[in-house]
Amino acid sequence: MTKEQKKPLSENEFSNGQQFAVRLLRNLIVPTFVLDADGKVLIWNKACVQLTGVSAKKLVGTRDHWQAFYSEPRDCLADLVLKDKLDEIKGLYDVRIDSEDHEQHVSVESWCEVPAISGQFYLSIDAGPIFNEKGKMIAVVETLRDLTEQRLAQDELEKMAQVDGLTELANRRAFDDRLKTDWGFAQRQQTPLALLFIDIDFFKPFNDIYGHQAGDDCLKKVARTISQEVKRPSDLVARYGGEEFTVILPGENIESAITIADRIRSAVYALNYEHEGNSETGRVTVSVGAASIVPVQQQASNELIEWADTALYDAKSGGRNKVASHTG
């Protein structure tokens, strides 16, 4: 290949029809770039410049297009199509959407850094090959759509769906999802899984005496206290419903679960939160049921829930402000 052939094609070297296509791509409102057969940037349109902050002058004729999206060298989607490395997509992008009409036309979604403007963008990216009349791939076109606002809105909705609005703890749905995941892991690895059920003692009388707003404040205070006593990132504190909370403790046996349960009970007691309706202590207290299990195959997670619930019942019937336990 001669030095002349290695240069990026100019618009004058295309036929009239091709020149029209080039002008069209350069002026599309959709961010678009084209790589030639050598992986060099042939077209970097105005919308690409606006999205990334990187000029066409800097990139056309180079293989530096990755710099517009990433802080370190790596293949873009168009490169993977050009090199026929579609099997590497999974390791580089968050979501792959397979095309029904052409196996080499690929769509993905992913977060990109866009270093030139110090931004984080969630992009929908499409890439597809261009062939000449002999069926030889001569270029790849990549188009991009900025879906950042939609993705952030979606993430916020998903977060809201997993978070209790009052206490900002995980909600029942998040609890169910996590228990299913942790239960499956404990079954496969044959490791213990512990569960705490926590109930505020005499909460209905508290609401009757102090009102529902004070009741909400009490729930939030107890929720924060429980969270402060559960230390590991792998643990989950959730509001199970009403005045009942739960804590999932992966890897903890019953002795450890009881220790954590009593730490929570003591911390709530130490708040010295006034409760005239609690004739036992005159303050807000909690009862805690603790359970732990090494689940075997075919065993359902409901069994652990039943054990923790039974232990909670024992703690409340035993005088409240207590910890009771159950294990297999």
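Among the strands (runs of 3 or more DSSP E) confined to region 31-123, the ones with at least 2 residues that are closer than 26 Å to residue 149 by Cα are located at 32-36, 95-98, 106-112.
Condition first: without any contact (Cβ under 8 Å) to a residue 12 or more places away in the chain and either small (Gly, Ala, Ser) or more than 22 Å from residue 203 (Cα to Cα) (or both). Now tell me which residues in region 252-278 satisfy that.
255, 259, 266, 270
Check region 195-218 and report whether any residue there is closer than 30 Å to residue 297 by Cα and basic (Lys, Arg). So far as region 195-218 goes, no, none of its residues is closer than 30 Å to residue 297 by Cα and basic (Lys, Arg).
The set of residues in region 183-210 that are closer than 23 Å to residue 280 by Cα and hydroxyl-bearing (Ser, Thr, Tyr) contains only 210. In region 29-59, the qualifying residues are those that are farther than 19 Å from residue 105 by Cα and surrounded by fewer than 17 Cβ atoms within 10 Å (Cβ to Cβ), and the one that is farthest from the chain's Cα centre (by Cα) is 57.
Only one of the numbered conditions (1) surrounded by 22 or more Cβ atoms within 10 Å (Cβ to Cβ); (2) closer than 22 Å to residue 183 by Cα is violated by residue 296, and that is (1). The C-beta contact set for region 130-144 (first residue assigned by TED's automatic domain parsing to the domain that holds residue 78, second residue surrounded by fewer than 13 Cβ atoms within 10 Å (Cβ to Cβ) and in a loop (DSSP other than H, G, I, E, B), distance under 7 angstrom, 6+ apart or interchain) comprises 138/132. Where helices (runs of 4 or more DSSP H) fall entirely within region 183-295, those with at least 3 residues that are among the β-branched types (Val, Ile, Thr) are at 212-229, 254-270.
One residue stands out in region 164-211 among those that are free of Cβ contacts under 8 Å to residues at least 12 places away in the same chain and within 23 Å of residue 304 (Cα to Cα): the one that is surrounded by the fewest Cβ atoms within 10 Å (Cβ to Cβ), namely 188. Note on region 131-156: residues that are under 17 Å from residue 32 (Cβ atoms) and basic (Lys, Arg) total 1.
Among the conditions (1) hydroxyl-bearing (Ser, Thr, Tyr); (2) under 30 Å from residue 40 (Cα atoms); (3) part of a helix (DSSP H, G or I), the only one that residue 143 does not satisfy is (3).
The values are calculated or read from the model by the stated rules, or taken from the named source; none is laboratory data. Just so you know, these numbers come straight off a predicted model, no measurement behind them. As a convention, Cβ positions derive from the backbone with ideal geometry for all residues, glycine included, and neighbour counts pool all protein chains shown.
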